[in-house]
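First up is the structure itself, then whatever we jot down about it.
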2 protein chains.
Amino acid sequence: MKMKDKIVVALGGNALGNSPEEQRALVKDTAKPIVDLIEAGHEVILAHGNGPQVGMINLAMSTAANTPAGTPEMPFPECGAMSQGYIGFHLQNAIREELLNRNMNIPVATVITQVIVDKNDSAFVNPTKPIGAFYSKEESDKMVSEKGYVMIEDSGRGYRRVVASPQPVDVAEKETVSALVEQGHVVITVGGGGIPVYREGNKLIGIPAVIDKDFASEKIAEILDADYLIILTAVEQVAINFGKPDEKWLSKMNLEDTEKYIAEGHFAPGSMLPKVQAALKFAKSKPGRKALITSLEKAKEGIEGSTGTLVVLD
Amino acid sequence: MKMKDKIVVALGGNALGNSPEEQRALVKDTAKPIVDLIEAGHEVILAHGNGPQVGMINLAMSTAANTPAGTPEMPFPECGAMSQGYIGFHLQNAIREELLNRNMNIPVATVITQVIVDKNDSAFVNPTKPIGAFYSKEESDKMVSEKGYVMIEDSGRGYRRVVASPQPVDVAEKETVSALVEQGHVVITVGGGGIPVYREGNKLIGIPAVIDKDFASEKIAEILDADYLIILTAVEQVAINFGKPDEKWLSKMNLEDTEKYIAEGHFAPGSMLPKVQAALKFAKSKPGRKALITSLEKAKEGIEGSTGTLVVLD
């Protein structure tokens, strides 16, 4: 039996709170199960979302730009880069501290990570991912004409900018992440799904988009030849018929089950669906690869096989 | 003759502009001389300032916090972490592109870097480094009483917050930076002098402070056992009697010269003085170590010995 697995853990941005104080408190809860996995002998790579955080940074920067302070407008990819620094700072410290509390002196670091997308990804034709604040019809029209933003009316609450959610193609800093993992460092990477960029010759150019952090995590897990992809969520297991009388919690889904459940519409788009899709993609990418969907608290038990939903080929 | 030197290059934050557009244009100019050094066979580690950038982020965050947008107040260390992501994103891409343009496929990465200071550093007794916006007397008094900030009247332009500028003691992510340098990666680190933190047991706690980027660069150069510390500035060489009739540009300063010139007050505090002090500290740290003060454009010629001011022991 192989004792040590290489595990990419994907943490949701919602688990990181809405302010620096909240985040500093919440990363302590995050650190414990992560360090449990490390203490059990696994190599851990941590990926995370940034929805609330990049939204906050983007809103603050665009708000301040329209005050007498007159700070510059900040493009969305740059806001993503800022969010990686902001979140990484807190995450790396919490993990470092938890490691030291258990007498493990293992370096932890955040790598500013760009994820390459295809400029011709069909997602760019019809952007669907709302970001930032709500605006009035007048403000919205002005943003469309002056900045070329795509705006949508969002659930009667006002108008919001929408950006595309393209598929990750590659990770620009993969050699760096890989080198650090090989040296035994704990690496925090593809924060917020990575800073979205596209290739143009030798250039990487930032593009306003949100790469789903589950798909970005799946991509880096493939690149690093990980054994496990753990996708953390609010629930311990995946359910079919969720919220209905015949609700059923699943401890395992194979290829056939998973494709069937997806086709039957059991999983909510933008919520459980991308997690299940990313898990399946990883399981299909190479024989022996396994994905686990569970809660942060149950991550270690899940890897030991006693809970969570395991997604495997058969 | 040893062909390959390990060189820490310290770049000023003022060389990075005041907006994302300016920065994106300016990093192209930065990348060329950096890649000249790499092409000449040297190992390069890039450190940089963040004065205008962290000021802008801090101002935007505190401005937006006091609007209906109601985004959270952002502590100064967190603003520093954001600035490392923002600046690193642009710098790493510009260097990557310049390397690829010359057919060099060398990984470039930014490591979110914390620099540890002593909480009892005497600098904390009397903070002197102004950050962020100017305020009225009334606003200033309110910030003193509500937030405990130290505020000073700045040159008749209003009141500003001041923070301490403590000495760097250690670099928290030194193992990570070192591992990447050994693997031949170009590393961007100690951005803005590093995120200032102090140790409390196993914790690292952010503290509002500005670590001089020249001293932080000197510290990481010592830790990495670099051969050279290049401190970039606006001028090609260091002068004594600067701006006077007997102004003299120097191609070399030994220990005795340097200490004498410092004592005679030739170098402006907050400008050339910390550069000369950091250069001298590095030259004194181990036999054979050399520091060079020159302009970005002349960095390669300086290393070749044809310009710049070399600071050495004798």
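Taking all protein chains as they are arranged and a probe of 1.4 Å, the heavy atoms of B:I106 leave approximately 50 Å² accessible to solvent. Residues of the range A:56-70 whose accessible area, computed with a 1.4 Å probe over protein heavy atoms, drops by at least 50 Å² once all protein chains are present relative to their chain alone are A:M56, A:A60. When its C-alpha radius of gyration is set against 2.2 N^0.38 Å (N residues), chain B gives a value of 1.00.
Other residues within the sphere of radius under 12 Å centred on the Cβ of A:M151, judged by their own Cβ, net out at -1 (K and R +1, D and E -1).
What is the sum of charges, Lys and Arg at +1 and Asp and Glu at -1, for the other residues whose Cβ falls under 10 Å from the Cβ of A:Q183? Residues close to A:Q183 contribute a combined charge of -3.
Only helices enter this figure: runs of n ≥ 4 DSSP H residues, each worth -39500 (n - 2.57), summed and divided by the residues of chain B, yield -12500 deg cm²/dmol at 222 nm to the nearest 500.
Counts of other chain beta carbons within 10 angstrom of each beta carbon in peptide B:88-95 average 5.
Pairing chain B with chain A buries about 4300 Å² of accessible area. This figure sums both sides and uses a 1.4 Å probe. For the range A:210-258, the Kirkwood estimate of hydrodynamic radius, built from reciprocal distances between every pair of different alpha carbons, is 13.0 Å.
Computed from backbone phi with θ = phi - 60° and the Karplus coefficients 6.51, -1.76 and 1.60, the 3J(HN,Hα) list for the range B:127-133 is x, 10, 8, x, 10, x, 7 Hz; x is used for glycine and proline. Near A:V171: Cβ cut-off under 12 Å, other residues only, Lys/Arg at +1 and Asp/Glu at -1. The net charge is -3. Here the Karplus relation 6.51 cos²θ - 1.76 cosθ + 1.60, evaluated at θ = phi - 60°, turns the backbone of the range B:229-243 into coupling constants of 10, 9, 9, 7, 8, 7, 10, 6, 9, 7, 10, 9, 6, 4, x Hz, with x for every Gly and Pro. Rolling a 1.4 Å probe across all protein chains gives A:F242 an accessible area of roughly 130 Å².
Is any residue of the range B:105-143 close enough, with backbone N under 14 Å, to a label point placed 7 angstrom from the Cα of A:L100 along the Cα-Cβ axis, and if so, which? The answer is B:114-119.
What distance in nm separates the two pseudo spin-label positions at A:S306 and A:S271, each 7 Å out from Cα along the beta-carbon direction? Going from the A:S306 label point to the A:S271 one covers 2.9 nm. For the range B:227-280 versus the range A:131-175, the inter-centroid distance based on Cα atoms is 50 Å.
Candidate cross-link partners of A:K142 among the lysines, defined by an alpha-carbon separation under 27 Å and a same-chain spacing of 8 or more, comprise A:K119, A:K129. For the range B:42-56, backbone phi angles converted through the Karplus equation (6.51, -1.76, 1.60; θ = phi - 60°) give residue-by-residue couplings of 7, 8, 10, 10, 10, 10, 8, x, 8, x, x, 6, 5, x, 5 Hz, Gly and Pro being listed as x. Considering the zone a paramagnetic label at B:I262 would reach in this model (a point 7 Å from Cα along the Cα-to-Cβ line), which residues of the range B:6-20 have amide N under 19 Å from it? Only B:10 fall inside the zone, counting backbone N under 19 Å.
Computed with a 1.4 Å probe over protein heavy atoms only, the accessible surface of the range A:194-261 comes to 43 Å² per residue. Roll a 1.4 angstrom probe over the protein heavy atoms and tell me the percent of accessible area of the protein assembly as shown that is carbon or sulfur. Answer for the protein assembly as shown: carbon and sulfur cover 49 percent of the accessible area.
A 1.4 Å probe run over the range A:99-169, with the rest of the protein chains in place, finds 53 Å² accessible per residue. By DSSP, what percent of the beta bridges with both residues in chain B are antiparallel, rounded to the nearest 5? Counting only bridges with both partners in chain B, antiparallel ones make up about 40 percent. Rg/Rh for the protein assembly as shown stands at 0.99; both radii use Cα atoms, and Rh follows the Kirkwood definition. Which parts of the range B:184-205, residue by residue, lose 30 Å² or more of accessible area when the rest of the protein chains are there, as against the chain isolated (1.4 Å probe)? So the qualifying set is B:H185, B:N202, B:K203, B:L204. Database remark: amide H of A:M253 closer than 5 angstrom to the amide H of A:L310, A:V311, A:V312 (H placed geometrically; neighbours at sequence offset of 5 or more, or on other chains; Pro and chain starts carry no H). DSSP bridge analysis restricted to the protein assembly as shown gives an antiparallel fraction near 45%, rounded to the nearest 5. Loop-located trypsin sites (Lys or Arg not before Pro) in the range A:63-171 (DSSP state other than H, G, I, E, B) with a sparse environment of at most 10 neighbouring Cβ atoms within 10 Å: A:R157.
The values are calculated or read from the model by the stated rules, or taken from the named source; none is laboratory data. Note that the structure is a prediction, hence the values are computed from the model and not measured. All Cβ positions, even for glycine, are placed from backbone atoms using ideal geometry, and neighbour counts span all protein chains on display. Ligands, DNA and RNA are excluded from the accessible area calculation, which covers all protein heavy atoms including side chains. Shrake-Rupley method; radii C 1.70, N 1.55, O 1.52, S 1.80 Å.
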